[in-house]
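Visitor: Dropping a structure here in structure tokens format, bear with me for questions.
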Amino acid sequence: MDDKQFLQKAIAKAKESVARGGFPAGAIVVKNGEIVGEGTSVGNKLNDPTSHGEMVSIREACKNLQTSDLSDAVLYASMQPCLMCLGASMWSAIPKIVFACPKEKVSAEYYGGDYQPSVINSELTRPIELVHFAELEDESLAIVRQWEKSLSLWLPDEVEKHGFQIIQFEMKSRHGFYLGTIVEESLEDSLVLNDFHILNVRITNEDNSAERWHLYKVEVTPEQLQKLSSVLKPRKWYAHFWSGENVIVVFRDKTFEQKVNDKSTWEPAIQYGLSVGIPKEQLDFLVD
């Protein structure tokens with residue numbers, strides 16, 4: 001088996017983790033072409049905050065091999081390992097980690113903060129070779145997104161029952177970034193969502209699931225908004241994003257810049273929206 005096949009095994013563990021009511025991350029440890037440890041991320045079920053897929057697979061590998069030295073092994077992880085798992089990999093002497101979904105493609109809350117694992121790795125006593133296997137990124141990320149959608153359908157008491165915290169995201173953009181909401185159903189190609197920093201997901205509650213909208217709160221750059229403009233469905237749909245007093249309104253193949261508190265700057269976007277069939281009452285460009 002090669003890196004791709006082993007990483008697919010780790011992604012399969014992520015699916016298993018979700019099926020068991022856990023977090024959408026899985027991992028395996030491989031030595032001499034054989035899987036010697038595997039793990040899912042069900043610490044919420046075990047009341048064990050250290051029970052990440054990587055940690056579990058490392059523990060199992062050490063137990064099976066009767067050693068704490070995994071210097072001839074490779075860790076395969078569906079998501080880029082967090083600081084705890086990176087540290088455990090170093091202490092077990094794992095020389096190489098292959099992962100599918102990079103940290104920046106998901107909420108920083110999943111990692112306990114906004115840091116750069118590669119920078120921290122470079123400062124370790126034994127830096128680890130970190131390999132992003134981009135070919136399987138979307139496959140791994142799709143599991144995360146599906147988990148987020150299912151979690152957003154739960155009521156608060158159901159979230160608590162399943163052992164997950166309700167994360168409150170700070171709705172203040174970083175310098176150079178804009179905040180806004182993207183409706184998945186407004187996109188011709190929903191894979192573009194993988195390029196954005198997603199803060200949370202909400203689903204409308206229509207009885208007919210086919211009528212529900214999937215709302216992604218995202219943080220984006222102006223350059224990314226140009227790409228979004230190219231995949232928005234024509235007519236009917238638009239999105240708007242804000243940073244301080246600045247607002248960017250995005251239609252298909254067209255964007256407008258305006259000020260939050262100067263409604264005279266809204267007029268070009270309103271007139272364009274009306275020209276493509278969007279009702280005026282929907283062109284309010286609210287920020288929250």
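The values are calculated or read from the model by the stated rules, or taken from the named source; none is laboratory data. The structure presented is a predicted model; accordingly, all values stated were derived computationally and were not measured. No Cβ is skipped: glycine too gets one built from the backbone with ideal geometry, and neighbour counts run over all protein chains shown. Only protein heavy atoms, including side chains, enter the accessible area calculation; ligands, DNA and RNA are left aside. Shrake-Rupley method; radii C 1.70, N 1.55, O 1.52, S 1.80 Å.
Visitor: Report whether or not ASN121 is more than 21 Å from GLN146 (Cα to Cα) and surrounded by fewer than 17 Cβ atoms within 10 Å (Cβ to Cβ).
Guide: Criteria not met by ASN121.
Visitor: State the number of residues belonging to the stretch 31-50 that are without any contact (Cβ under 8 Å) to a residue 12 or more places away in the chain, under 17 Å from MET84 (Cα atoms) and surrounded by 12 or more Cβ atoms within 10 Å (Cβ to Cβ).
Guide: Result for the stretch 31-50: 1.
Visitor: Given the conditions (1) part of a helix (DSSP H, G or I); (2) at pLDDT below 95; (3) over 24 Å from GLY112 (Cβ atoms), which single one is not true for MET1?
Guide: Here MET1 meets the rest and fails (1).
For (1) of a type in the set (Ser, Thr, Tyr); (2) under 23 Å from GLU135 (Cα atoms); (3) modelled with pLDDT under 95, each residue gets a yes or a no:
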position: LEU7; (1), (2), (3): no, yes, no
position: GLY37; (1), (2), (3): no, no, no
position: MET55; (1), (2), (3): no, no, no
position: GLN66; (1), (2), (3): no, no, no
position: SER71; (1), (2), (3): yes, no, no
position: SER89; (1), (2), (3): yes, no, no
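Visitor: What number goes with the only condition from (1) touching a Pro at 6+ places or on another chain (Cβ under 9 Å); (2) open to solvent by 50 Å² or more (accessible area, probe 1.4 Å); (3) modelled with pLDDT of 85 or more that VAL144 does not pass?
Guide: Unmet for VAL144, out of (1) touching a Pro at 6+ places or on another chain (Cβ under 9 Å); (2) open to solvent by 50 Å² or more (accessible area, probe 1.4 Å); (3) modelled with pLDDT of 85 or more: (2).
Visitor: Does the stretch 258-288 hold any residues that are of a type in the set (Asp, Glu), without any contact (Cβ under 8 Å) to a residue 24 or more places away in the chain and farther than 15 Å from LYS236 by Cβ, and which are they?
Guide: Here is the first cut: in the stretch 258-288, the residues of a type in the set (Asp, Glu) are 262, 267, 281, 284, 288.
Cutting the leftovers down to without any contact (Cβ under 8 Å) to a residue 24 or more places away in the chain gives us 262, 267, 281, 284.
Residues satisfying the conditions are ASP262, GLU267, ASP284.
Visitor: Of the residues that sit in the stretch 248-265 and are acidic (Asp, Glu) and in contact with a helix residue (DSSP H, G or I) (Cβ under 9 Å, 6 or more places away or on another chain), which one is farthest from GLN224 (Cα to Cα)?
Guide: Step one: filter the stretch 248-265 for residues acidic (Asp, Glu), giving 253, 257, 262.
Add one more test, that the residue is in contact with a helix residue (DSSP H, G or I) (Cβ under 9 Å, 6 or more places away or on another chain), and what stays is 253, 257.
Numbers: ASP253: 13, GLU257: 15 Å.
Taking the candidates together, the pick is GLU257.
Visitor: Restricting the search to the stretch 192-238, which residues are among the acidic types (Asp, Glu) and either in contact with a His (Cβ under 6 Å, 6 or more places away or on another chain) or modelled with pLDDT under 85 (or both)?
Guide: Initial filter on the stretch 192-238 (among the acidic types (Asp, Glu)): 195, 206-207, 211, 219, 223.
Scanning the stretch 192-238 gives ASP195, GLU206, ASP207, GLU211, GLU219.
Visitor: Could you list, in sequence order, the residues of the stretch 192-211 that are in contact with a strand residue (DSSP E or B) (Cβ under 8 Å, 6 or more places away or on another chain) and either within 20 Å of ILE143 (Cβ to Cβ) or open to solvent by 80 Å² or more (accessible area, probe 1.4 Å) (or both)? So that I can check it myself, show each step before the final result.
Guide: First, the residues of the stretch 192-211 that are in contact with a strand residue (DSSP E or B) (Cβ under 8 Å, 6 or more places away or on another chain): 193, 196-204.
Listed by number, the residues that qualify are LEU193, PHE196, HIS197, ILE198, LEU199, ASN200, VAL201, ARG202, ILE203.
Visitor: Give me a count of the residues in the stretch 1-14 that are among the basic types (Lys, Arg) and buried (at least 17 other Cβ atoms within 10 Å of the Cβ).
Guide: Let us first name the residues in the stretch 1-14 that are among the basic types (Lys, Arg), namely 4, 9, 13.
In the following step, the residues that additionally are buried (at least 17 other Cβ atoms within 10 Å of the Cβ) were identified as 9, 13.
Number of matching residues: 2.
Visitor: List, please: which pairs have Cβ atoms under 7 Å, are six or more places apart or on different chains, and start with a residue in the stretch 84-95 that is under 12 Å from ARG59 (Cα atoms) and end with one that is at pLDDT 95 or above and small (Gly, Ala, Ser)?
Guide: Taking only residues 6 or more apart or on different chains, the pairs are SER92/SER68.
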